[in-house]
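J.: Dropping the structure in here first, questions after.
The values are calculated or read from the model by the stated rules, or taken from the named source; none is laboratory data. Just so it is clear, the model here is predicted, and its values are computed rather than measured. Using ideal geometry, Cβ is built from the backbone for each residue, glycine included, and neighbour counts are taken over all protein chains shown.
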Amino acid sequence: MAVAESGKLAEYCAEVARKAKRAAGALQCVGGHQKNLWIRSSAALIRRQVRDLQLANQKDLEAASGYGLTDAQTDRLRLTDERIEDLARGLEEIASLPDPVGEVMESSVRPNGLEVTKVRVPLGVVFFVYESRPNVTADAAAICVKSGNAVILRGGKEAVHSSHAIVNILSTVAQSVGLPEGSVQLVSTTDRDAVGHFLRMRENIDVAIPRGGEGLIRRVAQEATMPVIKHFSGNCHVYIDAQADPDMAEQIVVNSKCQRYGVCNACESLLVHADLAAELLPQIGTVLTEEGVELRGDERTVELINSATVASEDDYSTEYLAPIISVKVVDSLDEAVRHINLYGSGHTDTIVTRDLQTAREFVARVDSSAVMVNASTRFNDGSQFGLGAEIGISTDKFHARGPCGLKELTSYKYVVYGSGHIRE
């Protein structure tokens, strides 16, 4: 694009970051009513411009094969009438959520009369790097601005025309309702070097959030000079305990694995207690095979499931994002927990059991961002947790963990009220 051709890519990125920093300062004084007006008005304009959005989207779809996208990846790009309506409805859901900015998290009055309050504040400027899906553009912009942050959006080249069309709508409405200029900016070049420039701008960007493949996330984590909210992979487990309900176990495994393969909260590894393996594994294996899933397991698994092949060591640590699952028969809860904490990615793990004490021990000992009891791994999602849309799922322990919604895009500061207090 013209930015790269002119040799002024660094200057362009610096100006985008400076503009976002100015906008972030101004956004701290913007009230919830004005932010919600922007979000709801954007949803309304998206509904009125379905045709324009689909024309832009068609350009992305026509270019998809040139980028080597699979049919499934191309379908994720497609903006149907239903998906555009979902996009608009998602914005309205974000608008309906409480504004986190200014929330008093704690308050106390000291013996000397000082009132000490802990108040939620925006992070500042968010640099959001993501791949493909155009609906993420609208969700991320709304979450960031609703939580008082300016956002720099760097989407993948696969959805460049769709993302531009969406941001044009958001920017038009932002101007009409008086949001600070630069509150939402889409990087106008697909040059990969632009990402590196932004990641070095710690003075103007407060946090980087990558969302996409592991390669992208590792690059951002390695190059960023500011904090990063991220997860590298989603190697999620379902553990079927000796006290599991067999029918429930089958349903949870199939849903966790088969509802959608290419998502970070899909089950990639199945652990089954030896006491139930002979009863359960052949049936679950049959159902998964009928769904087109390839099973790779230990020796006991291969003995019980004819279609299973022997798993390698790497299989147990792999996020397949495909119709493949690793399987292992374990002799105890201890062995299951050790396996999960060794091979897992700290994303999502679930236990199926009727024993409450076993469930509590599993929850206490498994070190993941979300630990489920008798529920599909697919529920680790901002909307399913009541957070509205999310900007990503974090497996870090600082500053946010799990689905990152509005509150996860805030920090806090202490505000202290006195009446001429001085310290003696």
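J.: Could you list, ordered by first residue, the pairs with Cβ atoms under 8 Å in which the first is in the range 123-141 and outside the structural domain of Ser65 (by TED's automatic domain parsing) and the second is at pLDDT below 95 and part of a strand (DSSP E or B), at least 6 apart or interchain?
T.: none
J.: Continuing with the same structure: Return the total of residues in the range 259-291 being over 29 Å from Gly382 (Cβ atoms) and not in a helix (DSSP H, G or I).
T.: 2
J.: Among all residue pairs at least 6 apart or on different chains, which show Cβ distances below 7 Å where the first residue, located in the range 275-291, is of a type in the set (Gly, Ala, Ser) and the second is outside any helix (DSSP H, G or I)?
T.: Ala277/Val329; Gly285/Leu295; Gly285/Ile305; Gly285/Ser307; Gly285/Ala308
J.: Which pairs have Cβ atoms under 8 Å, sit 6 or more apart or on different chains, and link a residue in the range 38-59 that is part of a helix (DSSP H, G or I) to one that is of a type in the set (Gly, Ala, Ser) and loosely packed, with under 15 Cβ neighbours inside 10 Å?
T.: Taking only residues 6 or more apart or on different chains, the pairs are Ser41/Ser176.
J.: Tell me which residues, restricted to the range 232-258, are closer than 21 Å to Gly344 by Cβ, in a loop (DSSP other than H, G, I, E, B) and modelled with pLDDT of 95 or more. Reasoning before the result, please.
T.: Residues of the range 232-258 closer than 21 Å to Gly344 by Cβ: 232-242, 244, 249, 252-258.
From what is left, the residues that are in a loop (DSSP other than H, G, I, E, B) are 232-235, 241-242, 244.
Those that are closer than 21 Å to Gly344 by Cβ, in a loop (DSSP other than H, G, I, E, B) and modelled with pLDDT of 95 or more: Asn235, Asp241, Ala242, Ala244.
J.: Against the conditions (1) under 25 Å from Lys8 (Cβ atoms); (2) assigned to a helix (DSSP H, G or I), where does Ala208 fall short? Just the number, please.
T.: Answer for Ala208: the failing condition is (2).
J.: Being touching a helix residue (DSSP H, G or I) at 6+ places or on another chain (Cβ under 9 Å) and either charged (D, E, K, R) or within 9 Å of Tyr412 (Cα to Cα) (or both) is the filter here, so list the residues in the range 103-126 that pass it.
T.: To start, the set of residues in the range 103-126 that are touching a helix residue (DSSP H, G or I) at 6+ places or on another chain (Cβ under 9 Å) comprises 103, 120, 122-126.
Of everything in the range 103-126, those that are touching a helix residue (DSSP H, G or I) at 6+ places or on another chain (Cβ under 9 Å) and either charged (D, E, K, R) or within 9 Å of Tyr412 (Cα to Cα) (or both) turn out to be Glu103, Arg120, Pro122, Leu123.
J.: Sticking with this structure for a sec: If you take the residues of the range 308-327 that are of a type in the set (Ser, Thr, Tyr) and in contact (Cβ under 8 Å) with a residue 40 or more places away in the chain, which of them is farthest from Asp298 (Cα to Cα)? Working first, answer last.
T.: Here is the first cut: in the range 308-327, the residues of a type in the set (Ser, Thr, Tyr) are 309, 312, 316-318, 320, 326.
Next cut, in contact (Cβ under 8 Å) with a residue 40 or more places away in the chain only: 316-318, 320, 326.
Details: Tyr316: 10, Ser317: 14, Thr318: 15, Tyr320: 17, Ser326: 9 Å.
It comes out as Tyr320.
J.: Right, here's the next one. Scan the range 176-233 for residues that are of a type outside the set (D, E, K, R) and without any contact (Cβ under 8 Å) to a residue 12 or more places away in the chain and jot them down.
T.: Scanning the range 176-233 gives Gly215, Ala221, Gln222.
J.: Give the residue that is farthest from Ile325 (Cα to Cα), with candidates limited to residues of the range 248-297 that are of a type in the set (Asp, Glu) and out of contact with any Gly (no Cβ under 8 Å at 6 or more places or on another chain). Lay out the reasoning, then the answer.
T.: Step one: list which residues in the range 248-297 are of a type in the set (Asp, Glu), which gives 250, 268, 275, 279, 290-291, 294.
Narrowing further to those that are out of contact with any Gly (no Cβ under 8 Å at 6 or more places or on another chain): 250, 275, 279, 290-291, 294.
Details: Glu250: 14, Asp275: 21, Glu279: 19, Glu290: 14, Glu291: 12, Glu294: 6 Å.
Applying the filter and picking the extreme gives Asp275.
J.: Check off (1) touching a Lys or Arg at 6+ places or on another chain (Cβ under 9 Å); (2) surrounded by 19 or more Cβ atoms within 10 Å (Cβ to Cβ) for Asn235 and give me the number that stays unchecked.
T.: (1)
J.: Take the range 68-86 and flag every residue that is in a helix (DSSP H, G or I) and in contact with a Pro (Cβ under 8 Å, 6 or more places away or on another chain).
T.: Going through the range 68-86, the residues in a helix (DSSP H, G or I) turn out to be 71-77, 81-86.
Hit for the range 68-86 is Leu77, nothing else.
J.: Among the numbered conditions (1) part of a loop (DSSP other than H, G, I, E, B); (2) over 21 Å from Gly382 (Cβ atoms); (3) among the hydroxyl-bearing types (Ser, Thr, Tyr), tell me where Ser132 comes up short.
T.: Going through (1) part of a loop (DSSP other than H, G, I, E, B); (2) over 21 Å from Gly382 (Cβ atoms); (3) among the hydroxyl-bearing types (Ser, Thr, Tyr) one by one, Ser132 breaks only (2).
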